[in-house]
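Enquirer: Let me begin by handing over the structure; questions about it come next.
Each reported figure results from applying straightforward, stated rules to the coordinates on display, with no laboratory input. The shown structure was predicted, so the numbers you read here are calculated from the model rather than taken from an experiment. Quick reminder, even Gly has a Cβ in these numbers, built from the backbone with ideal geometry, and neighbours come from all protein chains shown.
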Amino acid sequence: MRLFVGLGNPGAKYAHNRHNIGFLAVGEIARRHAFAPWRRRFQGESSEGTLDRERVVLLRPATFMNESGRAVQEAANFFKLAAGEITVFQDELELPAAKVRLKVGGGIAGHNGLRSISAHIGNDYRRVRLGIGHPGVKELVHDYVLSDFAKDERPWVEALCAAIADNAALLATGSDSTFQNKVHLAMQAKGFFDKDDGGAA
């Protein structure tokens, strides 16, 4: 069994923020794979389904970003899951827009959602880092992540969420590098990356 956690802030005000791309990604997984309807539990919303015969629970914390760990810990305790069985989908300033990288553990790079999760369950969970680009200077970061994706960004956001959902079964079965490469190739095929832009770095 796996727990997939999408990070974001609850409420319509934040729904299309860059900070909420984790919510968007798990929402698309639920939609494309006909998961059960979302329901309120674990201080958030959850939905259950199956990916390649692996039971998967999706979670969108209803706490704000900096308290995400409360919801994750509650779900992990309920299902008796170790940190290694949990995958967190997060926005990543240090990656170019539309890039995806996976890692287990490591630093939190100032991400308040990851800081909260690490404080509650330790650091050994998987992160699906979804590149949103950087505004250029540190002083602009707060407003940048809490602003909506621009109109010209929406095509890559939708394409990325679709590629993640199409290949989500690879995450559920632990084929991380294959997942990363397939998502990259899907984005490349749609013209978001140049042909010589490698996907496995």
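Enquirer: If one computes the Cα centroid of the range 28-45 and of the range 99-158, what distance in Å separates the two points?
Expert: Cα centres, the range 28-45 to the range 99-158: 21 Å.
Enquirer: If you don't mind, there's one more thing I want to ask. Given labels modelled 7 Å from the Cα in the Cβ direction, how far is it in nm from GLU48 to ALA36?
Expert: Here the answer is 0.4 nm between the modelled labels.
Enquirer: Please give every one of the lysines within straight-line cross-link reach of LYS80, meaning a C-alpha to C-alpha distance under 28 Å, and leave out same-chain neighbours fewer than 8 residues apart.
Expert: LYS103
Enquirer: Please state the charge dipole magnitude for the range 2-189, taken about the Cα centre, from unit charges on C-beta atoms (+1 on K and R, -1 on D and E), reported in debye and rounded to the nearest 20.
Expert: Magnitude of the dipole: close to 340 debye.
Enquirer: Now a separate question. Order of 116-122, 50-56, 29-35 by packing, highest average Cβ count within 10 Å first?
Expert: 116-122, 29-35, 50-56
Enquirer: Let me ask something else about it. Per DSSP H run of at least 4 residues, take -39500 (n - 2.57); add these up for the chain, divide by its residues and hand me the 222 nm value, nearest 500 deg cm²/dmol.
Expert: -10500 deg cm²/dmol, from helical runs alone.
Enquirer: Between (i) 10.4; (ii) 9.8; (iii) 11.2, which matches mean projected area of the Cα convex hull in nm² calculated for the structure shown?
Expert: (i)
Enquirer: Between SER175 and ASN123, what's the calculated FRET efficiency when r is the beta-carbon distance and R0 is 25 Å? Round to 0.05.
Expert: The calculated FRET efficiency here is 0.65.
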